[in-house]
Structures are given as C-alpha cells and as structure tokens.
Amino acid sequence: MIVLIGFMGAGKTTVGGLLAQHLGMPFVDSDAVIEAAEGLAVREIFATRGEAEFRRVEAATITRLMSGPDVVLAVGGGALTTAAVRAALAGHQVVLLDVAFEEALERVAADPGRPMLHQPDLSGLYDRRQDGYREAARVAVPVSGRSPREVVADVLAALGMDGVGE
C-alpha cells in the first residue's frame, strides 16, 4: 500500500495513476470512491451535508480502503484533519507530494469541484495542514515545477523501489 497525501493541487491523482501503472498496482482515489458510494460529487456533499459529514464519510472510506488489498491510494488534501485517518495511515508507506501554495492554487483555481477553494483564509489552511502532512509522511517529494514522471521517479527512489516495475 502506497498512500499519497498533500494539499489540493499537489498532483496526487495524476502521480498516483502513473505510479500505479508503473508498479502494476491498482490506483484508487478516495474522493472518487466517496462520490461513487454517495452518488454525489464531493462539492455537493460539502454543500448539502457540510464538511463535518464529509469528513466522517471520508474517514470511514479511507479506513476501509487501508484494510483492503494493496493499491496506490490518493487521499483528499484535508483527510489528515481526522484522527481516524491519521491512525489508519500509521505504519504505511505514506508519501507527501509537497507543493508550494502558489503552484497549488494555479493548478486548481479553475476547478469548480474544489469546495475548499472557497475558504476565507486559504493560505492559512495550507499552513495549518503542513505539520500534519509531515508527521504522517514517511517521505516528502517536492513537486513544484516538475513533471509528473519526474515526481514518480523520485517517489520510487524515496521508497527504495527504483527499478521496480521496469
């Protein structure tokens, strides 16, 4: 199990898909699993049920996924705000895709499916999440200004898996 964490716009879904392909493993995005199970987009869950309910569903989903078969798993940028998620990730290969705030915003600014973009203090939210990301991560890989393939190569090297799947 390899879990990708980081702020929105870090490239978890893009890098996760490439990493899974390289390793011959399935790729799972926790937000996509939630949307399929709930029949609603993440932004709709936030709008109709609120963030607290979304975080409850997210924690249950990630906990279940972590006890399943090995996959490359991308989790939402706010998933680590929940103690149950932090506990579920403990002891696993957790990789922080470390993106600069400005680049993260550039990457997601036009995406209407990002409910957290509407937070009044987005830079503060970014800052508050950094310690949690670093505490949960086994390794951190910088992504700013780099291609997804470069990031995948660095993730593999950081996990001691370079050469695997080639």
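The values are calculated or read from the model by the stated rules, or taken from the named source; none is laboratory data. Remember, predicted model here, so these are calculated numbers, not experimental data. Neighbour counts are summed over all protein chains in view; Cβ atoms, including those assigned to glycine, are modelled from backbone coordinates with ideal geometry.
Residues are listed down the side, and each one gets a yes or a no for (1) within 21 Å of Leu19 (Cβ to Cβ); (2) touching a residue at least 24 places away in the same chain (Cβ under 8 Å); (3) out of contact with any Lys or Arg (no Cβ under 6 Å at 6 or more places or on another chain):
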{"position": "Thr63", "(1), (2), (3)": "no, yes, yes"}
{"position": "Gly76", "(1), (2), (3)": "yes, yes, yes"}
{"position": "Thr82", "(1), (2), (3)": "no, yes, no"}
{"position": "Val85", "(1), (2), (3)": "yes, yes, yes"}
{"position": "Val94", "(1), (2), (3)": "yes, yes, no"}
{"position": "Asp98", "(1), (2), (3)": "yes, yes, yes"}
{"position": "Leu105", "(1), (2), (3)": "no, yes, yes"}
Legend entry - Output for segment 11-26, where each listed residue is closer than 12 Å to Met161 by Cβ and in a helix (DSSP H, G or I): Leu19, His22, Leu23
Inset, instruction - Please work out which residue is surrounded by the most Cβ atoms within 10 Å (Cβ to Cβ), limiting yourself to segment 10-23 and to residues that are of a type in the set (Gly, Ala, Ser) and at pLDDT below 95. - result: Ala10
Inset, instruction - Would you point out the residue of segment 122-166, among those that are of a type in the set (Ser, Thr, Tyr) and at pLDDT below 90, that is surrounded by the fewest Cβ atoms within 10 Å (Cβ to Cβ)? - result: Ser123
Legend entry - Within segment 30-50, considering residues that are within 17 Å of the chain's Cα centre (by Cα) and surrounded by fewer than 16 Cβ atoms within 10 Å (Cβ to Cβ), the one nearest to Leu73 (Cα to Cα): Ala32
